[in-house]
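Take a look at the structure below.
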Amino acid sequence: VDLSVTGARIEHSELLRPGSACAFQFPPAIGSLVVSARVIHSTVIGAMQDSDGERQLRYQTGVQFVAVTPEQRTVLEGIVERLTPGGGVGVVRLLF
């Protein structure tokens, strides 16, 4: 949803608890990079049905990038610069 060199706001369907640690992985198409992150806040924003007809909650979560090296920051700056407002980042993986 939003991306900066210090963190991101994402939408997803799995619960992420504030304070938990994760890794934020950017797709190779925009700059292959994995950075450590911490969940700052997570809020239910709605629900949807999955392909099996079951209801799944949708969350919006803010993550803060942590322990970013100078080299990672340079790559992050390039990624943020390349992305256009509203363009999104495609598929990003959070690793726990």
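Structure summary
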read-out: Meets criteria (open to solvent by less than 70 Å² (accessible area, probe 1.4 Å) and at pLDDT below 90) for VAL66; value: no
read-out: Residue identified as in a helix (DSSP H, G or I), surrounded by 10 or more Cβ atoms within 10 Å (Cβ to Cβ), under 18 Å from the mean Cα position of the chain (by Cα) and of a type in the set (A, V, I, L, M, F, W, C) among ILE79, ILE45; value: ILE79
read-out: Residue check, GLU54 surrounded by fewer than 14 Cβ atoms within 10 Å (Cβ to Cβ), free of Cβ contacts under 8 Å to residues at least 40 places away in the same chain and of a type in the set (D, E, K, R); value: yes
read-out: Only listed residue being touching an Asp or Glu at 6+ places or on another chain (Cβ under 9 Å) and of a type in the set (Gly, Ala, Ser), chosen from SER51, SER13, SER36, SER42; value: SER13
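The values are calculated or read from the model by the stated rules, or taken from the named source; none is laboratory data. Small disclaimer: the values here were computed from a predicted structure and weren't measured. Quick reminder, even Gly has a Cβ in these numbers, built from the backbone with ideal geometry, and neighbours come from all protein chains shown. Areas reflect the complete protein model, heavy atoms only, side chains present, ligands, DNA and RNA absent. Shrake-Rupley method; radii C 1.70, N 1.55, O 1.52, S 1.80 Å.
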